[in-house]
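J.: I'd like to ask you about the structure that follows.
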Amino acid sequence: MSSGSSSNLEDLYLQSYSFTTTAAIIGSVDRKVFVLLRDGRSVIGVLRTFDQFANLVIHDGVERIYLDGSRYGESTEPQIFLIRGENVVMMGELDIDKEDEPLEKLTRIDYGAAFGEWKKAQTEIVERHTIEDKQLRSRGHLTSFLTDEFY
Amino acid sequence: MLFFSFFKTLVDQEITVELKNDVEIKGTLKSIDQYLNLKLDNISANTTKYPHLIAVRNLFIRGSNIRYIHINPSLVDTNLLQDASRREAMASAGDKIGGK
């Protein structure tokens, strides 16, 4: 096979499965991606496999937490992540030449500290909603707590 | 499936996606699927909240997190869309009568 065989294979997939979840993601397999999760954390690693629900397997992945636009924390031990599709907000292929560019302006802090701060912010959101929900329910409104503020 | 077909006609056009957390992402629509998951190219967004978007080439957004999609009005034939939605409503009503 010629050197362009992998891209030809990709084209073939896209032609026969165009407009499916598979077609959208297949091009990113074996590439470095970032995945934003619904709880606000991101996973950065190599996408190895996926399915139609956007369940993803990330190889050599690290967790990264961005805090208030100036600091971030990153887990040190690369792991394999199997991410259930419902927790995925978005996934983007990273340009390896530029991937560290956004971090240059940010200060890296210890992952444990970043995680603690992130968890605290989440708890505050939950507590605020619990109070609001209680007040609304006491006035006869139906409420459903949405977690869209997390990411 | 009407909106799936509708979005297929918008491929290669520039759209703005508003997520349920109020973040807006602009980009060229590259692909759409039955769950209305989107794939965008040449994205631009507020990168303070998501710094990694600077280094992103293409973005897959899961449909379940999308609130709105802003489309240039000139790209939408509203009469055609209205006709199509009525036709689809008629067809599904017909299914019920026919016991399908």
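The values are calculated or read from the model by the stated rules, or taken from the named source; none is laboratory data. Because the structure is predicted, anything quoted here is derived from the model rather than measured. As a convention, Cβ positions derive from the backbone with ideal geometry for all residues, glycine included, and neighbour counts pool all protein chains shown.
J.: Counting only residues that are in contact with a helix residue (DSSP H, G or I) (Cβ under 6 Å, 6 or more places away or on another chain) and assigned to a strand (DSSP E or B), how many does region A:42-65 have?
T.: Of the residues in that region, 2 qualify.
J.: Being exposed (fewer than 14 other Cβ atoms within 10 Å of the Cβ), among the charged types (D, E, K, R) and touching a Lys or Arg at 6+ places or on another chain (Cβ under 8 Å), is that true of even one residue in region B:48-70?
T.: Yes, that holds for at least one residue.
J.: Tally time: how many residues in region A:44-77 are surrounded by fewer than 16 Cβ atoms within 10 Å (Cβ to Cβ), farther than 18 Å from B:Phe60 by Cβ and at pLDDT below 95?
T.: 6
J.: Then there's this: So how many residues does region A:100-122 have that are out of contact with any Asp or Glu (no Cβ under 8 Å at 6 or more places or on another chain), of a type outside the set (Asp, Glu) and under 16 Å from A:Glu149 (Cα atoms)?
T.: Adding up the residues that qualify gives 4.
J.: Please give the number of the condition B:Leu10 fails out of (1) surrounded by 15 or more Cβ atoms within 10 Å (Cβ to Cβ); (2) at the interface with chain A (Cβ under 7 Å from one of its Cβ atoms); (3) part of a loop (DSSP other than H, G, I, E, B).
T.: (2)
J.: Moving to a separate point now. Which one of these does B:Thr16 not meet: (1) β-branched (Val, Ile, Thr); (2) farther than 23 Å from A:Arg64 by Cα; (3) facing chain A (nearest Cβ under 9 Å)?
T.: In the conditions (1) β-branched (Val, Ile, Thr); (2) farther than 23 Å from A:Arg64 by Cα; (3) facing chain A (nearest Cβ under 9 Å), B:Thr16 misses (3) alone.
J.: If you take the residues in region A:85-112 that are out of contact with any helix residue (DSSP H, G or I) (no Cβ under 7 Å at 6 or more places or on another chain) and over 30 Å from B:Ser31 (Cβ atoms), which one is nearest to the other protein chains (Cβ to nearest Cβ)?
T.: Out of the qualifying residues, it is A:Lys105.
J.: Continuing with this model, one more query. Would you mind stating whether A:Lys120 is without any contact (Cβ under 8 Å) to a residue 40 or more places away in the chain and farther than 23 Å from B:Ile54 by Cβ?
T.: Yes: the conditions hold for A:Lys120.
J.: If I filter region A:1-29 down to residues being in a loop (DSSP other than H, G, I, E, B) and loosely packed, with under 11 Cβ neighbours inside 10 Å, which single residue comes out as modelled with the lowest pLDDT?
T.: Checked region A:1-29; the qualifying residue modelled with the lowest pLDDT is A:Met1.
J.: Of the residues that sit in region B:26-47 and are more than 25 Å from A:Arg41 (Cβ to Cβ) and of a type in the set (Val, Ile, Thr), which one is surrounded by the most Cβ atoms within 10 Å (Cβ to Cβ)?
T.: The extreme case among them is B:Ile32.
J.: In addition: Quick one: in region B:71-94, of everything that is β-branched (Val, Ile, Thr) and surrounded by 11 or more Cβ atoms within 10 Å (Cβ to Cβ), which residue is nearest to B:Leu36 (Cα to Cα)?
T.: B:Ile71
J.: Taking the conditions exactly as written (within 16 Å of A:Ile44 (Cα to Cα), surrounded by 11 or more Cβ atoms within 10 Å (Cβ to Cβ) and of a type in the set (Asp, Glu)), does A:Glu86 satisfy them or not?
T.: It is false that A:Glu86 is within 16 Å of A:Ile44 (Cα to Cα), surrounded by 11 or more Cβ atoms within 10 Å (Cβ to Cβ) and of a type in the set (Asp, Glu).
J.: When both residues are 6+ apart or on different chains and their Cβ atoms are under 6 Å apart, which pairs have a first residue that lies in region A:70-84 and is away from every other protein chain (no Cβ under 14 Å), and a second that is among the aromatic types (Phe, Trp, Tyr) and surrounded by 11 or more Cβ atoms within 10 Å (Cβ to Cβ)?
T.: Hits for this filter: A:Ser75/A:Tyr111.
J.: Take residues that are more than 7 Å from every other protein chain (Cβ to nearest Cβ) and tell me which of the strands (runs of 3 or more DSSP E) falling wholly in region B:26-100 contain 3 or more.
T.: B:38-45, B:66-71
J.: Any idea how many residues of region B:23-52 are farther than 22 Å from A:Ile26 by Cβ, in contact with a strand residue (DSSP E or B) (Cβ under 8 Å, 6 or more places away or on another chain) and of a type outside the set (Lys, Arg)?
T.: 7
J.: Still on this model: With respect to A:Glu132, is the statement that it is part of a helix (DSSP H, G or I) and within 12 Å of the chain's Cα centre (by Cα) true?
T.: When the stated conditions are applied, A:Glu132 does not pass them.
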